[in-house]
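Below is one structure; the comments refer to it alone.
The values are calculated or read from the model by the stated rules, or taken from the named source; none is laboratory data. Only a predicted model underlies this, so the values are computations on that prediction, with no experimental measurement involved. Every residue, glycine as well, gets a Cβ built from its backbone with ideal geometry; the counts of neighbours run over all protein chains shown.
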Amino acid sequence: MADSPGPHANPPAHPSLQWSPAVAAARAAGRPLVALESTIVAHGMPWPQNLRTARAVEAAVREHGVEPATIAVIDGRIRIGLDDALLERLARAGPQALKVSRRDLPAVLAAGAGSPIGATTVAGTMICAALAGIEVFVTGGIGGVHRGAATTFDISADLQELARTSVVVVCAGAKSILDLCLTLEYLETHGVPVLSCGQDQFAAFYVRESGLGADQRIDEPAAQARFVRAKWDLGLAGGVLLSTPVPEADALPRDLVDGWIAEALADAQRQGIGGKAVTPFLLARIEQLSGGRSLAANVALVKHNAAVGARLAVALAALPPARGAGQMR
Ligand code: PSU
Ligand code: MN
């Protein structure tokens, strides 16, 4: 297995990476970094709340002395960190942005200048973060096994990426539009540890508790960091999922959410929505059905995840660099 050290060892930059001045400066100074994704901005939330949220999430990371690196593909280059003008360009592009997962990365790199902005998903962002040597990545809720996957085969590429790419993904569990039980089964099969912070159960996105246990509850960032190091120091490549629930004040009641999800799923089926359009469609439809309450919960949970991820990045920076961090195969 190739060695690829963590951010503090300043690995040689991959030629496709382009660092924002702020992230490059933080990296040179040995300050911890946290990666953020761009599909949540372009496809997961409407304008202008998406821009407001992206800025607030970056601010929540900075509050801990950590530099946020929002990742996207622009003009054939993988941007590690977006300045405010690029963040706004991403947010304004909305659904016009390409949704970039593992299979789409070669296309957007090869297309070069002039192609639409590429918004990276959890899978896409994990790959780019690993290339940049960034160990911690914050999102809202990961993709997973969709309900009805037995017939549709719809399983998010996020799960395969967690199985192979060595980045910690901080999330409020998996999106509750999914089959969470099967999602956890899949992660178990692929050896992805599922940690929970702040409660025993795996989180369910808009709802705090999924009714399903995480492998382990670890609240302390220093202990989370030791767990992550122990995995990578063993040479066990692959991600770690760190789940933490939406803050109490912003959590939505399960019955209500279940009703909106059932209706949104039925609409998706009637309209023949498939492939990568499914998740953005469901999120937008649930926002309408909930009168905006789901969006408020989504914004709150991402901000909270940002604080949890930043604390972990600080704790990891206090440990000796991992032998296997940022590894990918
Ligand atoms: N978290 C959110 N909103 C989102 C996403 C995550 O709060 O929109 C995005 C992530 O980019 C994730 C994607 O990778 O949803 C899952 O898409 P799919 O189910 O098509 O794999
Ligand atoms: Mn899918």
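Which condition breaks for residue 152 when tested against (1) of a type in the set (Val, Ile, Thr); (2) at pLDDT 95 or above; (3) over 17 Å from the mean Cα position of the chain (by Cα); (4) under 24 Å from residue 124 (Cα atoms)?
It fails just one condition, (2).
I need the full set of residues from segment 270-327 which are basic (Lys, Arg) and either touching a residue at least 60 places away in the same chain (Cβ under 8 Å) or within 11 Å of ligand 1 (Cβ to nearest atom) (or both), in order please.
Here is the first cut: in segment 270-327, the residues basic (Lys, Arg) are 270, 276, 285, 293, 303, 311, 323.
Hits for segment 270-327 are 276, 303, 311, 323.
Would you point out which residue out of 174, 225 is more than 30 Å from residue 265 (Cβ to Cβ) and either under 18 Å from the mean Cα position of the chain (by Cα) or aliphatic (A, V, I, L, M) (or both)?
Testing whether each residue is more than 30 Å from residue 265 (Cβ to Cβ) and either under 18 Å from the mean Cα position of the chain (by Cα) or aliphatic (A, V, I, L, M) (or both) leaves just 225.
Please enumerate the residues belonging to segment 195-216 that are in contact with a helix residue (DSSP H, G or I) (Cβ under 7 Å, 6 or more places away or on another chain) and surrounded by fewer than 21 Cβ atoms within 10 Å (Cβ to Cβ).
Correct list: 212 only.
I need the full set of residues from segment 275-293 which are within 18 Å of the chain's Cα centre (by Cα) and hydroxyl-bearing (Ser, Thr, Tyr), in order please.
Passing the criteria: only 279.
Name, by its number, the condition in (1) out of contact with any helix residue (DSSP H, G or I) (no Cβ under 7 Å at 6 or more places or on another chain); (2) basic (Lys, Arg); (3) buried (at least 21 other Cβ atoms within 10 Å of the Cβ) that does not hold for residue 293.
It fails just one condition, (3).
Need at least 2 residues that are hydroxyl-bearing (Ser, Thr, Tyr), away from ligand 1 (no atom under 11 Å from the Cβ) and surrounded by fewer than 24 Cβ atoms within 10 Å (Cβ to Cβ) per element, so show me which helices (runs of 4 or more DSSP H) inside segment 69-165 make the cut, counting only ones lying wholly within it. Break it down into steps so the answer makes sense when it comes.
Details: elements: 84-93, 105-111, 122-132, 149-152, 157-164.
Filter on segment 69-165 gives 149-152.
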